[in-house]
Amino acid sequence: MPVDVIAGSSPLILTFSHAGTEIPQSIHARLNATGCCLTDTAWHVDRLYRSVVQDVTVVRANYHRYVCDVNRDPDGKSLYPGRFTTGFVPLTTLDGDPIWHNPPGTKEAATWRSAFHAPYHAAISAQIARVRAKHGFAILYDCDATRSHIPKLFEHTLPDFSIGTFMGTTCDHKITAQIASICMKAPNYTSVVNGRFTGGWSTRRHGNPKLGVHALQMDLAQSTYLTEERDPWLYDEAKAAPLRKVLADVLGYLQDWRPA
């Protein structure tokens, strides 16, 4: 299955675009050694968020972003014009290194879009509709995580918390302000709103505050919860524990938020 869905009864929907590691065997055989390392996975981010709060809806893409990046524009338009980024079927890592010895062509990419990208966003749309019917609004929180130092993307070290709302267009500004306040007050962490990451396709595609759908992306630096940001990408319980407390405050606020 390209996507897993767990339906909760609260207004909050957690989406996981980059946690999946599945790759069909026929596609995996075409990746080169760099591609087979799956370096750009949001390693263990689903584990990090597990049971932080209860009764949330979860939508998780199961296939790896190298097969089809469900957090990219399926028409191939760059999310960050003029800056380096990868496409909805990536040809390189986020470091710019080629990942294929036999890259997909245009027709194959369109097939993969239908097989992997479309079902994920159809699932998100269905859960937003269900939650809105129950509560009158929905909050979509996209859970992502990236290595803290990727010079091809950003010459400096990425903040620990990167909050993206596409420059304030996808979420009520009061929600953004409160989430930013929680992150800024958390000791020993850094944070930014609409910095290098301003929200991926999931945030931009589904967020529409005028229709009662508030969407934001939280991109965490993997250094905050992994032992090291390299293979074997080990989850660090000691590092994760204080981070999960901050995330509990963030998600708890979102669960309790109601429109004015």
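Taken together, the values in this text are just the output of simple stated rules run on the coordinates, not laboratory data. Please read these numbers as outputs of a predicted model, since none were measured by experiment. Positions of Cβ are generated from backbone atoms using ideal geometry, with glycine treated the same way; all protein chains shown enter the neighbour counts.
Quick look at the values:
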read-out	value
Filter result for Phe166 (in contact with a helix residue (DSSP H, G or I) (Cβ under 6 Å, 6 or more places away or on another chain), surrounded by 16 or more Cβ atoms within 10 Å (Cβ to Cβ) and either more than 13 Å from Thr203 (Cβ to Cβ) or among the aromatic types (Phe, Trp, Tyr) (or both))	yes
Helices (runs of 4 or more DSSP H) contained in segment 1-76 and holding at least 3 residues more than 17 Å from the chain's Cα centre (by Cα) and free of Cβ contacts under 8 Å to residues at least 12 places away in the same chain	25-28
Subset of segment 32-55 [surrounded by 21 or more Cβ atoms within 10 Å (Cβ to Cβ) and more than 19 Å from Trp201 (Cβ to Cβ)]	Gly35, Trp43, Leu48, Tyr49
Given (1) surrounded by fewer than 22 Cβ atoms within 10 Å (Cβ to Cβ); (2) among the aliphatic types (A, V, I, L, M); (3) in contact with a strand residue (DSSP E or B) (Cβ under 8 Å, 6 or more places away or on another chain), index of the condition Ala29 fails	(3)
Filtered residue count, segment 121-144, keeping only those that are of a type outside the set (Val, Ile, Thr) and not in a helix (DSSP H, G or I)	8
From the options Pro90, Pro103, residue that is of a type outside the set (A, V, I, L, M, F, W, C), outside any helix (DSSP H, G or I) and more than 29 Å from Leu243 (Cβ to Cβ)	Pro103
Cβ-Cβ under 7 Å pairs, at least 6 apart or on other chains, segment 107-129 side more than 17 Å from Pro90 (Cα to Cα), far side surrounded by 14 or more Cβ atoms within 10 Å (Cβ to Cβ) and charged (D, E, K, R)	His121/Arg205
In segment 3-22, the residues that are surrounded by 18 or more Cβ atoms within 10 Å (Cβ to Cβ) and out of contact with any strand residue (DSSP E or B) (no Cβ under 7 Å at 6 or more places or on another chain)	Ser10
Any hit, segment 98-106, residues being free of Cβ contacts under 8 Å to residues at least 40 places away in the same chain and under 26 Å from Gln255 (Cβ atoms)	no
Test: residue in segment 59-68 that is out of contact with any helix residue (DSSP H, G or I) (no Cβ under 8 Å at 6 or more places or on another chain), under 16 Å from Ala145 (Cβ atoms) and surrounded by 12 or more Cβ atoms within 10 Å (Cβ to Cβ)	yes
Residue, farthest from Ile23 (Cα to Cα), within segment 124-163, restricted to residues that are among the small types (Gly, Ala, Ser) and surrounded by fewer than 19 Cβ atoms within 10 Å (Cβ to Cβ)	Gly136
Selection within segment 183-207 - surrounded by 17 or more Cβ atoms within 10 Å (Cβ to Cβ) and farther than 24 Å from Thr86 by Cα	Cys183, Ala186, Tyr189
